[in-house]
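See below for the structure under consideration.
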Amino acid sequence: MSILQVRDLTVTFPGGVQAVRGVSYEVSRGEVLGIVGESGSGKSVTSLAVMGLLPPGAVVSGSVTLHGRELIGVQEDELTRVRGKSISMIFQDPLSAFTPVYTIGAQIAEAVRVHQKTGKDKAAKRAVELLDLVGIPHPDARARAFPHEFSGGMRQRAMIAMAIANDPDLLICDEPTTALDVTIQAQVLEVLKTAQRETGAGIVMITHDLGVIAGMADRVLVMYAGRPVEQGPVDELYYRPRMPYTMGLLASIPRVDGAEGPLVPIEGNPPSPAALPPGCPFAPRCPMRIDVCDEEEPPLTAVGGGRHVACVRSREIEHKALTGADVYPLPVIPPSGAVRVPRERRATVLELTDLVRHYPLMKGAVFKRRVGTVHAVDGVSFDIAEGETLALVGESGCGKTTTLQQIMRLEPPQSGHVVVLGQDSARLGKAERKALRGDLQIVFQDPMAALDPRMPVGDVIAEPLRAHGRRNVAARVAELLELVGLSPEHAERYPQQFSGGQRQRIGIARALALEPRLLVLDEPVSALDVSIQAGIINLLEELKNTLGLSYLFVAHDLAVVRHLADRVAVMYLGRIAEIGAVENVYDRPAHPYTQALLSAIPLPDPERERARRRILLQGDPPSPADPPSGCRFRTRCPKFARLGEAERRRCVNEEPSVVRLANATGERPDHGAACHYAEEIEVIPASDDQEEK
Amino acid sequence: MGKYLLRRLAMNVILIAVAASLAYMLAATTMNPRAAYQGRRPPVPETVIDATLDTYNLNDKTPLLQRYTTWAAGVATGDFGRTWNGGSVNDEMGRRIGVSLRLLFVGTLVGFALGVALGALSAVKQYRPSDRVIGVASFTIMAIPVFVLATLLAVATYSMNRALGFTLIEYTGEYNPRLTGWDQWLNRLNHLVLPTISLSLGAIAFYSRIQRNMMLDVLNQDFVRTAMAKGLPRRTALVKHALRTALIPSATYFAFAFGTLLTGATFTEKIFAWHGMGAWLIDSINQNDVNAVAAVSLFAAACVLAAAFLSDLLVAALDPRVRVS
């Protein structure tokens, strides 16, 4: 018996833009429906339309029935009785989703009192119970705290508590874990599963993360340009996709368990809802496009086994058992010349020795006084050889960005050494520093914020050239634009005329303008959609090989890191927990933190994802203003919890430093961990193609 | 907290002392209280003038520094000196502060409350007719100088009273001294109606513009959507979650506006013949009344600093994020 039925839902915004163009689905009790799609595909608008929460001016047609009762077009007060009672919603950004001026407890109690006739005391007590249910420690004290006093993960738990306050029949989760770190994401997903068990509710899970869907969903709906293009049971859809878009999506994601080699990019960009192409909206990007595709948009048709596909060639795809790797052209990336030389014999382009950056913690508005020290970076050492990519990974607040800033400043650090291309930053003169900046360039995370919106792209790219006194920049700009896969005519346009992926290419072109030898990449693909991300990763790989670059790559997405990096350094609270060649660290992680981090990454593979056992970490990372004594990870360490009293003493009193592991042998004997009781284990189930080898 | 308040109080006292001293110096060097006595018929002998001015500490023949020391010593013990004709500045100031407070208190509060309400309303109804009407009206009122607006109100009331044949609404003065008891009270309220309207119209126009912007910032935020998603009716979500949060920045404006208005409602006081602090500032400058000018300046400085403190208290009361850190 289905709780919610959506039939032919369309949403039109003022100006005639159709954001949703005919969506139908149903959700049964206890079932999880995953809705996948890139930004602008209409997945969030669909769910807001179901809740009746779209801004005034949006026109909704079609039918949404809850337990057989129609919700479209009913009076507002009837809708308010349904919202939060029968259907609850969990939003993406838990910071802005709570009213900042009321306590968490009061906001949850408010949700209780809207729908249940209870006294204030009882509602407050219920709020504490709910907070306890979602795993918030000391719930009675925390209920009196304000939203800004909660960490991101805690806020999302509180959000779930509020959503299940009235025992809803349906939970709509809109990107519930996108803003969170992976270990916190794993915790929150567990809480969601608990919440579902407690309430027996159906769940609509909206996300762009195919890994999260693989582990949670029973059925999946793939959306493209405001319409569902494929729908079916999760296993069927992941293992036997029938629509080229789904196939491309699954093939384009870098996988933490995956093989190396170029990723499969989907060419082009998703169409703007204001200017849809005639026929199938995916046709312009589709490798299997035939003439019929441009004539008429294929309807979503049932193909048996509970599956629906909107593609004229779906039968053929099924018949030939095609996958994304078969139909999408695989780019060829020239191999690098540098890697043939052993690492020891290559030049070192960047070397950090015991880098320290502490910030004073100030208090008071008028009279500032120092009340402590934030240990943002506390003794970090690593080096990068020529032609190598070192990835710096870790959760937010671990000191990745501070490390980057210390390198980019080229000033003497508070303590330790930064040596760039053989030159110690502490001994640089003004002219030398400027010259060295040309060899050390950066690509930023947010491609929109990193480009001046009032400057034509040509000027954006020419700026570093002019700053370093080069003349005749026009030819170089054209060359750079071609290098990153844009055309020279684009130099006249402004940044807002480009899509996110193209903007990031412009950012890369600007960074390459001065022919640097070391490129610092600060989360270069995290703001991009999956299908675009693959193209940028391939571009970076190609540039590295053809131009002989070295990369320092900062990321939180460990799957991207596995794909792009040669070596990886895992940071925790301002120190390096584990460092080594990618295959060593990923296949045989030795530090308990790395193990937890890797096990928290959802795999886009339903069967293996369901069968996996996670190492769940407790709580949030401690504040860098007050790191624990000895080993900084011990407060959350699953291994520490299993140790005996005598062994624990060492973790509490002695801070471990990175030690080369004894059995790090093989091709690259490069693996060290900062743990007194390091022990290599496997946490990512080996993928099929690796087993075959 | 106590330590912080003490330190802040000390800072403020120093700032007030500096401001008042500068004002005194300026007034004492540029103003000429002697003029008031020199032009008299029959002429007053110079020695008499000197003696009179000496007793009031206004004699320009005494060195400035000496006059300043005498004035400052007096102020330190709470004595603001004498007016040009020998009255007590303290008494005059006490009376006038009372007048200004009575005049402004209701007007500012009404202006703030109605302004915020109208601003919130026009934000919720953005680009609808009601928003446009409120917007045009606000800008019209803001474009009319206070003295024109007040005079127009007074003239309109005068003609209305004439047409009615009796005085429905008083348009000048603070009270009728011939009445006593309850009648006196009612008469005072009647006198308050017109200046309050004149003051609050401007305030309403001003706050409605500010509050509209603050409210628009908040309306599109996720927490308003969350409030509706948990089943609150739209109106409750807008008032309890959106408006409550959007009030925080307006509170600062309110505190400062109130503080500066205590000496700034000059036109309103003059036109409706209320002898408050704002009117006194102009009168004392006209009369070359050095000590009164210094006293008004000191009071103005104290008001601004008190307003800053009030705004901090208001923001702390409204915003938990400030309170905790």
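The values are calculated or read from the model by the stated rules, or taken from the named source; none is laboratory data. Since we're looking at a predicted model, the values are computed, not measured. All Cβ positions, even for glycine, are placed from backbone atoms using ideal geometry, and neighbour counts span all protein chains on display. The accessibility values were calculated without ligands, DNA or RNA, using every heavy atom of the protein model including side chains. Shrake-Rupley method; radii C 1.70, N 1.55, O 1.52, S 1.80 Å.
Among the residues of region A:369-382, just one is open to solvent by 30 Å² or more (accessible area, probe 1.4 Å) and under 13 Å from A:GLY416 (Cβ atoms), namely A:SER381. Do the conditions hold for B:ALA308, that is, is it within 17 Å of B:LEU109 (Cα to Cα) and either in contact (Cβ under 8 Å) with a residue 24 or more places away in the chain or within 14 Å of chain A (Cβ to nearest Cβ) (or both)? So B:ALA308 does not fit the description; no.
For region A:61-70, what are the residues that are buried (at least 16 other Cβ atoms within 10 Å of the Cβ) and in contact with a Ser or Thr (Cβ under 7 Å, 6 or more places away or on another chain)? Please lay out each step first, then the result.
Residues of region A:61-70 that are buried (at least 16 other Cβ atoms within 10 Å of the Cβ), as a first pass: A:62, A:64-66.
A:GLY62, A:LEU66 - these are the residues of region A:61-70 that are buried (at least 16 other Cβ atoms within 10 Å of the Cβ) and in contact with a Ser or Thr (Cβ under 7 Å, 6 or more places away or on another chain).
Selection of region B:49-98 for residues being outside any helix (DSSP H, G or I), β-branched (Val, Ile, Thr) and open to solvent by less than 50 Å² (accessible area, probe 1.4 Å) yields B:THR62, B:THR83. When the test is whether a residue is farther than 27 Å from A:TYR239 by Cα, in the same structural domain as A:MET223 (by TED's automatic domain parsing) and surrounded by fewer than 17 Cβ atoms within 10 Å (Cβ to Cβ), A:ASP326 does not pass it.
Of all residues in region A:247-281, those that are buried (at least 22 other Cβ atoms within 10 Å of the Cβ) and hydroxyl-bearing (Ser, Thr, Tyr) total 1.
Look at region A:513-533: where a residue is basic (Lys, Arg) and a partner is not in a loop (DSSP other than H, G, I, E, B), sitting 6+ places away or on another chain with Cβ atoms under 8 Å, you get A:ARG517/A:VAL349; A:ARG517/A:LEU440; A:ARG517/A:SER550. Taken over region A:81-101, the criterion of being more than 8 Å from chain B (Cβ to nearest Cβ), surrounded by fewer than 24 Cβ atoms within 10 Å (Cβ to Cβ) and out of contact with any Asp or Glu (no Cβ under 8 Å at 6 or more places or on another chain) is satisfied by A:LEU95 alone. For A:GLY34, all conditions in the list (1) open to solvent by less than 30 Å² (accessible area, probe 1.4 Å); (2) in contact (Cβ under 8 Å) with a residue 24 or more places away in the chain; (3) assigned to a helix (DSSP H, G or I) hold save one; what is the number of the exception? With respect to (1) open to solvent by less than 30 Å² (accessible area, probe 1.4 Å); (2) in contact (Cβ under 8 Å) with a residue 24 or more places away in the chain; (3) assigned to a helix (DSSP H, G or I), A:GLY34 is out only on (3). With respect to (1) touching a helix residue (DSSP H, G or I) at 6+ places or on another chain (Cβ under 8 Å); (2) within 14 Å of chain A (Cβ to nearest Cβ); (3) of a type outside the set (Ser, Thr, Tyr), the lone exception for B:ALA19 is condition (2).
Residues of region B:202-229 that are of a type in the set (D, E, K, R) and at the interface with another protein chain (Cβ under 10 Å from one of its Cβ atoms): B:ASP222, B:ARG225. From the list B:LEU186, B:LEU232, B:LEU194, pick out the single residue that is more than 24 Å from B:LEU310 (Cβ to Cβ) and within 14 Å of another protein chain (Cβ to nearest Cβ). Every option except B:LEU232 fails the conditions.
Looking only at residues in region B:235-245 that are more than 10 Å from every other protein chain (Cβ to nearest Cβ) and buried (at least 18 other Cβ atoms within 10 Å of the Cβ), which one is farthest from A:ASP77 (Cα to Cα)? Only one residue tops the list, namely B:LEU243. The single condition from (1) open to solvent by 10 Å² or more (accessible area, probe 1.4 Å); (2) over 22 Å from A:THR183 (Cβ atoms) that A:VAL420 fails is (1).
A:ALA58 - would you say it is assigned by TED's automatic domain parsing to the domain that holds A:GLY226, surrounded by 21 or more Cβ atoms within 10 Å (Cβ to Cβ) and closer than 27 Å to A:ALA275 by Cβ? So A:ALA58 does not fit the description; no. Scan region A:196-217 and give yes if some residue there is without any contact (Cβ under 8 Å) to a residue 24 or more places away in the chain and either more than 23 Å from A:LEU131 (Cβ to Cβ) or not β-branched (Val, Ile, Thr) (or both), otherwise no. Yes, region A:196-217 contains a residue that is without any contact (Cβ under 8 Å) to a residue 24 or more places away in the chain and either more than 23 Å from A:LEU131 (Cβ to Cβ) or not β-branched (Val, Ile, Thr) (or both).
For region A:540-606, list the helices (runs of 4 or more DSSP H) that sit wholly inside it and hold at least 2 residues that are open to solvent by 10 Å² or more (accessible area, probe 1.4 Å); which are they?
Ranges flagged: A:558-564, A:582-587.
Per-residue answers, yes or no, for (1) modelled with pLDDT of 85 or more; (2) assigned to a loop (DSSP other than H, G, I, E, B); (3) basic (Lys, Arg); (4) farther than 21 Å from A:VAL32 by Cα:
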{"site": "A:ALA214", "(1), (2), (3), (4)": "yes, no, no, no"}
{"site": "A:VAL220", "(1), (2), (3), (4)": "yes, no, no, no"}
{"site": "A:GLY232", "(1), (2), (3), (4)": "yes, no, no, no"}
{"site": "A:TYR238", "(1), (2), (3), (4)": "yes, no, no, no"}
{"site": "A:GLY248", "(1), (2), (3), (4)": "yes, no, no, yes"}
{"site": "A:ALA251", "(1), (2), (3), (4)": "yes, no, no, yes"}
{"site": "A:VAL256", "(1), (2), (3), (4)": "no, yes, no, yes"}
{"site": "A:LEU263", "(1), (2), (3), (4)": "no, yes, no, yes"}
{"site": "A:SER272", "(1), (2), (3), (4)": "no, yes, no, yes"}
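When A:LEU300, A:LEU221, A:LEU237, A:LEU250 are checked against the criterion of being assigned by TED's automatic domain parsing to the domain that holds A:SER314, over 25 Å from the mean Cα position of the chain (by Cα) and of a type outside the set (Ser, Thr, Tyr), a single residue qualifies: A:LEU300.
Taking each residue of region B:1-30 that is within 13 Å of B:ALA302 (Cβ to Cβ) and looking for partners that are of a type outside the set (A, V, I, L, M, F, W, C) with beta-carbon atoms closer than 6 Å, six or more apart or interchain, yields B:ALA20/B:SER297; B:ALA23/B:SER297.
Residues of region A:151-171 being among the hydrophobic types (A, V, I, L, M, F, W, C) and either open to solvent by less than 10 Å² (accessible area, probe 1.4 Å) or within 11 Å of another protein chain (Cβ to nearest Cβ) (or both), which ones? If you could, list the steps in order and put the result at the bottom.
Restricting attention to region A:151-171, the residues satisfying the condition of being among the hydrophobic types (A, V, I, L, M, F, W, C) are A:154, A:158-165, A:170-171.
Residues satisfying the conditions are A:ALA158, A:MET159, A:ILE160, A:ALA161, A:MET162, A:ALA163, A:ILE164, A:ALA165, A:LEU170, A:LEU171.
Checked against the criterion of being among the aliphatic types (A, V, I, L, M), within 13 Å of chain B (Cβ to nearest Cβ) and in contact (Cβ under 8 Å) with a residue 24 or more places away in the chain, the candidates A:VAL134, A:VAL114 yield just one match: A:VAL114.
Answer yes or no: is there a residue in region B:205-215 that is modelled with pLDDT under 90 and among the hydrophobic types (A, V, I, L, M, F, W, C). There is no residue in region B:205-215 that is modelled with pLDDT under 90 and among the hydrophobic types (A, V, I, L, M, F, W, C). Just one of the listed residues (B:VAL315, B:VAL296) is over 21 Å from B:PHE206 (Cβ atoms), open to solvent by less than 40 Å² (accessible area, probe 1.4 Å), at pLDDT 85 or above and aliphatic (A, V, I, L, M), namely B:VAL296.
Being surrounded by fewer than 23 Cβ atoms within 10 Å (Cβ to Cβ) and either away from chain A (no Cβ under 14 Å) or at pLDDT 90 or above (or both) is the filter here, so list the residues in region B:251-260 that pass it. Show your work before the answer.
Applying the first criterion (surrounded by fewer than 23 Cβ atoms within 10 Å (Cβ to Cβ)) to region B:251-260 yields B:251-253, B:255-260.
Within region B:251-260, B:TYR253, B:ALA255, B:PHE256, B:ALA257, B:PHE258, B:GLY259, B:THR260 meet the criteria.
Anything in region A:217-246 that is among the aromatic types (Phe, Trp, Tyr) and open to solvent by 30 Å² or more (accessible area, probe 1.4 Å)? List them, or say none. Scanning region A:217-246 gives a single hit, A:TYR239.
Looking only at region A:425-452, filter to residues that are farther than 19 Å from A:GLN504 by Cβ and either of a type in the set (A, V, I, L, M, F, W, C) or touching a strand residue (DSSP E or B) at 6+ places or on another chain (Cβ under 6 Å) (or both); which one of those is surrounded by the most Cβ atoms within 10 Å (Cβ to Cβ)? Don't jump to the end; show me each part of the working.
First, the residues of region A:425-452 that are farther than 19 Å from A:GLN504 by Cβ: A:425-440.
Cutting the leftovers down to either of a type in the set (A, V, I, L, M, F, W, C) or touching a strand residue (DSSP E or B) at 6+ places or on another chain (Cβ under 6 Å) (or both) gives us A:425-426, A:428, A:431, A:435-436, A:440.
Numbers: A:SER425: 19, A:ALA426: 13, A:LEU428: 18, A:ALA431: 8, A:ALA435: 14, A:LEU436: 17, A:LEU440: 21.
Per the stated criteria, the residue is A:LEU440.
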